[in-house]
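Structure record follows, encoded as structure tokens.
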Amino acid sequence: MTRTKAILITVFLGGLGVHRFMTGKIGTGFIWLISGGCFGIGWLVDLIKVCTGKFTDKNGAVWGE
């Protein structure tokens, strides 16, 4: 997946935790789903991480490359 697609998924579906489910982070994905991305703060942190290439999947690989 390209970084652009990863950013778009995070921007539009990040509040529901979709980006976390896609990377295999099921536990935190569920938390994002029920809390609205941890009330928007966690979503914003994840968006910044995706944009800078620091967001990893459950195996440690950078997501969006």
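The values are calculated or read from the model by the stated rules, or taken from the named source; none is laboratory data. Bear in mind the structure is a predicted one, so any value in this text is a computation, not a measurement. Positions of Cβ are backbone-derived with ideal geometry, glycine not excepted, and every protein chain shown enters the neighbour counts. The protein model used for the area step is the full one, side chains on, heavy atoms only, and it has no ligands, DNA or RNA in it. Shrake-Rupley method; radii C 1.70, N 1.55, O 1.52, S 1.80 Å.
So if I place +1 on the C-beta of Lys and Arg and -1 on the C-beta of Asp and Glu, and nothing else carries charge, what would the dipole magnitude of the chain be about its Cα centre? I want it in debye, nearest 20. Walk me through the intermediate numbers first.
Working: 7 positive and 3 negative charges, 12 e Å.
Using only the charged Cβ atoms, the result is roughly 60 debye.
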Next item on the list: Loop sites only, by DSSP: take the trypsin sites (Lys or Arg not before Pro) in the chain that have at most 16 other C-beta atoms within 10 Å and name the longest stretch containing none of them.
Entry: 1-53
Next item on the list: Skip the ligands, DNA and RNA, and give the accessible area per residue of the chain with a 1.4 Å probe, whole Å².
Entry: 59
Check: Relative to the present Cα-Cα distance, how much length would full extension add between Thr52 and Met22 at 0.36 nm per residue of separation?
Finding: 9.0 nm
Item checked: Amide proton proximity set for Thr56, modelled H, under 5 Å, gap of 5+ -> Trp63
Margin query: With every atom except the alpha carbons ignored, what do you get for Rg and Dmax of the chain, in angstroms?
Written below: 10.3, 28
